[in-house]
1. For segment A:30-49: of the residues being surrounded by fewer than 17 Cβ atoms within 10 Å (Cβ to Cβ) and among the hydrophobic types (A, V, I, L, M, F, W, C), which is farthest from DNA strand D (Cβ to nearest atom)?
2. Looking at segment B:204-246, which of its residues are of a type in the set (D, E, K, R) and either touching a helix residue (DSSP H, G or I) at 6+ places or on another chain (Cβ under 8 Å) or surrounded by 17 or more Cβ atoms within 10 Å (Cβ to Cβ) (or both)?
3. Taking segment A:315-357 on its own, how many of its residues are hydrophobic (A, V, I, L, M, F, W, C), closer than 21 Å to residue A:202 by Cα and surrounded by 17 or more Cβ atoms within 10 Å (Cβ to Cβ)?
4. Considering only residues of segment A:61-82 that are away from DNA strand D (no atom under 11 Å from the Cβ) and within 22 Å of residue B:20 (Cα to Cα), which is farthest from the chain's Cα centre (by Cα)?
5. Going by the structure shown, is residue B:312 under 21 Å from residue B:224 (Cα atoms) and either touching a Ser or Thr at 6+ places or on another chain (Cβ under 9 Å) or surrounded by fewer than 17 Cβ atoms within 10 Å (Cβ to Cβ) (or both)?
6. If we scan segment B:313-331, do we find a residue that is over 21 Å from the mean Cα position of the chain (by Cα) and closer than 30 Å to residue B:166 by Cα?
7. So, of the residues in segment A:50-60 that are over 42 Å from the mean Cα position of the chain (by Cα) and near DNA strand C (Cβ under 8 Å from one of its atoms), which turns out to be surrounded by the most Cβ atoms within 10 Å (Cβ to Cβ)?
8. Which condition number in (1) closer than 20 Å to residue B:294 by Cα; (2) buried (at least 17 other Cβ atoms within 10 Å of the Cβ); (3) not aromatic (Phe, Trp, Tyr) is the one that residue B:264 fails?
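The values are calculated or read from the model by the stated rules, or taken from the named source; none is laboratory data. Keep in mind the model is a prediction, meaning the values are calculated, not measured. All Cβ positions, even for glycine, are placed from backbone atoms using ideal geometry, and neighbour counts span all protein chains on display.
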2 protein chains.
Amino acid sequence: MVMLSAPAVPEVPQHVSKAKATSIDIAHLAGVSQATVSRALRGSPLVSEETRERIRAAAEQLNYKVDKNASNLRLQHSGTLALLLFEDPTTDGSNINPFFHSLLGSITRACAQQGYDLLISFQQFSTDWHADYADSKKADGIILLGYGDYHAYRARLEKLVAIGTRFVRWGAVQPDQPGVSVGCDKFSGGQAVARHFIEQGCRRIAFLGDASSHYPEFFERYRGYADALAQAGLPADEALQVDAESTQLSGHRAMTGLIARGAAFDAVFAASDLIAIGAMRALAEHGYKVPADVPVAGFDDIPMASFASPPLTTVLQDTRRAGEVLVDSLLKMIRGEPAQSVMLPVKLMVRQSSVRP
Amino acid sequence: MVMLSAPAVPEVPQHVSKAKATSIDIAHLAGVSQATVSRALRGSPLVSEETRERIRAAAEQLNYKVDKNASNLRLQHSGTLALLLFEDPTTDGSNINPFFHSLLGSITRACAQQGYDLLISFQQFSTDWHADYADSKKADGIILLGYGDYHAYRARLEKLVAIGTRFVRWGAVQPDQPGVSVGCDKFSGGQAVARHFIEQGCRRIAFLGDASSHYPEFFERYRGYADALAQAGLPADEALQVDAESTQLSGHRAMTGLIARGAAFDAVFAASDLIAIGAMRALAEHGYKVPADVPVAGFDDIPMASFASPPLTTVLQDTRRAGEVLVDSLLKMIRGEPAQSVMLPVKLMVRQSSVRP
DNA sequence: CGTCCGGCTGAATACGTATGCATGGGCATC
DNA sequence: GATGCCCATGCATACGTATTCAGCCGGACG
């Protein structure tokens, strides 16, 4: 429990002790003008190697670092991207959606690799988010992450486009959307899961998750599921679809509800891994064995999925790639190059939860 | 797959279409001086309500936002904190340590609550991190997160203190440390786990994790464990301690090694949940039942812990509180108030993995 | 020997905001 | 009616950097 103290530091001359050094101080020390200091440190070919070295030494001696605020002001860009994470306010309050965590990691890495800083912010739906960051020049562009009803903030996206704000969005890629989106091919993912069940002879596959077009994240998964059923000549029984949002609690509720109302089902496809895990718990509580009685699959392949019991079959979204693509697209837009929406492939990860012994 | 397009926007006058508006534009439009615009928007009592309202309307009309770079330059602070996450380069390359994820979430929230932005950056150990952020005024202070050998960068911390950089560190609170640290009371946590085992009659409790004082994160846990053994009059058998870093793979290896060398143990205390999960897998592979044959406990209470099979007994670090304390301490330092290192209490979470039937 | 050119450097300015100081107008006081 | 005061606003400047333009020096060439 030590208090902060400031021991003497021999190598730093005392005339810099408190006030941070500026380029003018460096210029003075190196016997050149401020202009030359700026040029030297930015690597301009106009300055001779000898002078540059002298300046570099002086800068080091005074612990000088370029003031980003001044630099950004002058250059009119910030070398920073902003990540806005929209959290569904109906969440159980605990943690961030694990899938976003994974995406966050890869975005951070991608930014670092491109030499950009990353500003992150968790937004409540209500706040006036479009106001910030990019418009105030804290960031050169923004990345929008978040489930939810995108119709609700579609107007805002359109305004962003109109103002000329650079942004990319993670989520469903749809033809009429404002701006650039990057998403995974959840339709194919939904198909793959349904086919996987159908191949095992399942005919009454329950779907846990909102299936309304207002929630494109889940809707695409549902459409893929429905499409696979149709292709196999199976009916899509509405009684087998239960709304749920992406939490364990919600998954547990949905599954319990389905069981309670006596629905006949022989497989469960949850629209997200969290829902699946909640559902598996509910199934266990009601005496169902997974996968012997009911095979189950989820979606996202969050780290928890492989540690669920039994390990959960799910659909892997390549978050590493996703982060890179998001950042690359945004940087393209910032550089004024054209950027297009991108749909990434997904991969079915078959584990024990979906394979009947 | 839509290209970015810029539809006409009726409500925005065309003379602002491209160039962002400045406070001078607003001043012009509202018929006042730039100074008054600045005062009005910052809520200065010097400007009359009537004028303020007129200015606010003009600002809205032109989509004006204060340029943070210019503002920060003038004010000499940034309203931003930087979070530096040090990753052990020996990690299995996949994801961020889940415990940090949780901390990250709470730090973000705490920042938002205090009106600060958060800049995050994953650092490789090699990079010249002390150079950035705070010194370049991109951030008013920095938060350091990361396991690892803190002796290795102790010199850097001392330099930070000397330069006058504001920072807080998450990690072991030790009397001789430079700067302010916030950490959990891992010593007590280690004690609690060991006592929990001892109460059940275990006498040969293995410890998986580095027990060297060079890794204070784990060392404290080990000390607590050793202390509880001593208090119970049990010998501390060095053969029961195996080095491991905080990954599943490493935990698996350590456990396998312990079994291979024929060590006699009747409980396993893993220094982190990831290690514990890897160890449980190894135990299962060798035919041990958890907890019937060998009770197991971990540390951290990452989300995965309660979904392991069986659910893992572990030690909860209150990350929510930790994030708040980190941010609060840092803000205190920024405001020039004294700040002290803080040690937070922990809580033993008993689940199935450690309780013999 | 004069001229010109190329290679470096310095002086001056702009980026957009916030604030100390000065100012003007209105009102009360004597 | 002159003085004083307060309130609201404008003027001018500083924050620290990056860049344009102008200048200087030395050498090559005519």
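1. A:46
2. Across segment B:204-246, the qualifying residues are B:204, B:210, B:217, B:220, B:221, B:223, B:227, B:243, B:245.
3. Residues that pass the stated criteria total 3.
4. Per the stated criteria, the residue is A:78.
5. Working: under 21 Å from residue B:224 (Cα atoms): yes; either touching a Ser or Thr at 6+ places or on another chain (Cβ under 9 Å) or surrounded by fewer than 17 Cβ atoms within 10 Å (Cβ to Cβ) (or both): yes.
Taking the combined requirement at face value, the residue satisfies it.
6. First, pick out the residues of segment B:313-331 that are over 21 Å from the mean Cα position of the chain (by Cα): B:313.
When the remaining residues are screened for being closer than 30 Å to residue B:166 by Cα, the result is none.
Within segment B:313-331, not a single residue is over 21 Å from the mean Cα position of the chain (by Cα) and closer than 30 Å to residue B:166 by Cα.
7. Here the residue is A:51.
8. (2)
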